[in-house]
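Some notes on the structure that comes next.
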Amino acid sequence: MVPDVSERSGMSENVSAAVAVRSLPKTELLLPQLTWWALVFPAVMVVALVLHSVRLLNWIHVLSGVLWTGADIFFGFVLGPVIRRLEPTQRAALIAYLVPKTLLYFPAVSLTTGTAGWYLASWLGLTSPANVQFPWTVGALVLITLMTIMGVCIILPNSLRIWFELHKPEPDRDLIIRLNRNNILNAAIQGTMQILIIVVMAHLVMG
């Protein structure tokens, strides 16, 4: 029995997907692909805390926050729509390249932003209920806590599942696409929350 056109197309696509996956880097090469330079952010934060330097802590807090916000907005509102328009094999190749680049980056900048922000607020007296800015501080802490939980408990585990799934002998392409779509959606939600927290921070700065 000769397969019809749709069957031949599906068979061809599956073969292409298998070839694409076999050409991807192996999992044992994951560590060299990680963005180790992202660990500079928490390292600088630790130095600032040890030196009790408000200026240095504020600098790393703002820098990490900017990089986190920019990455969330880019992934959620720029890269997400592009990925949805790619062919499945192209998506798999792009996802396989992006995942190791974000595994350290997002946790590093998000945890640095939140931790540095908490210490700054504490040092500047913004965590005191007597401070007129206290409600805004609580709002900022709630937003950044939610975003950090989303990143560490949802996006990071999904990324790890994607990475290991891609390197199985027969990866579940539908699972990979579904997990990545979930990550892009969460990045878009985080990006929206980032805009809200910028409004809060602008108010705190201006008093």
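The values are calculated or read from the model by the stated rules, or taken from the named source; none is laboratory data. Because the structure is a prediction, the values reported are computed rather than measured. Every residue, glycine as well, gets a Cβ built from its backbone with ideal geometry; the counts of neighbours run over all protein chains shown.
Looking at (1) modelled with pLDDT of 90 or more; (2) under 26 Å from S159 (Cβ atoms); (3) among the aliphatic types (A, V, I, L, M); (4) over 16 Å from the mean Cα position of the chain (by Cα), which is the only condition V54 fails?
Only one criterion is unmet by V54, namely (2).
Cβ-Cβ distance below 9 Å, separation of 6 or more or different chains: which pairs start in segment 89-102 with a residue that is without any contact (Cβ under 8 Å) to a residue 12 or more places away in the chain and polar (S, T, N, Q) and end on one that is surrounded by fewer than 21 Cβ atoms within 10 Å (Cβ to Cβ) and part of a helix (DSSP H, G or I)?
Q90/A20; Q90/I83
Here's a check for you: in segment 101-155, which residue that is modelled with pLDDT under 90 and in contact with a Pro (Cβ under 7 Å, 6 or more places away or on another chain) is farthest from T69 (Cα to Cα)?
V152
What residue, of V62, V99, V44, V54, is loosely packed, with under 15 Cβ neighbours inside 10 Å and either in contact with a strand residue (DSSP E or B) (Cβ under 9 Å, 6 or more places away or on another chain) or among the aliphatic types (A, V, I, L, M) (or both)?
On the way: V62 fails: loosely packed, with under 15 Cβ neighbours inside 10 Å; V99 fails: loosely packed, with under 15 Cβ neighbours inside 10 Å; V44 fails: loosely packed, with under 15 Cβ neighbours inside 10 Å.
Result of the check over V62, V99, V44, V54: V54.
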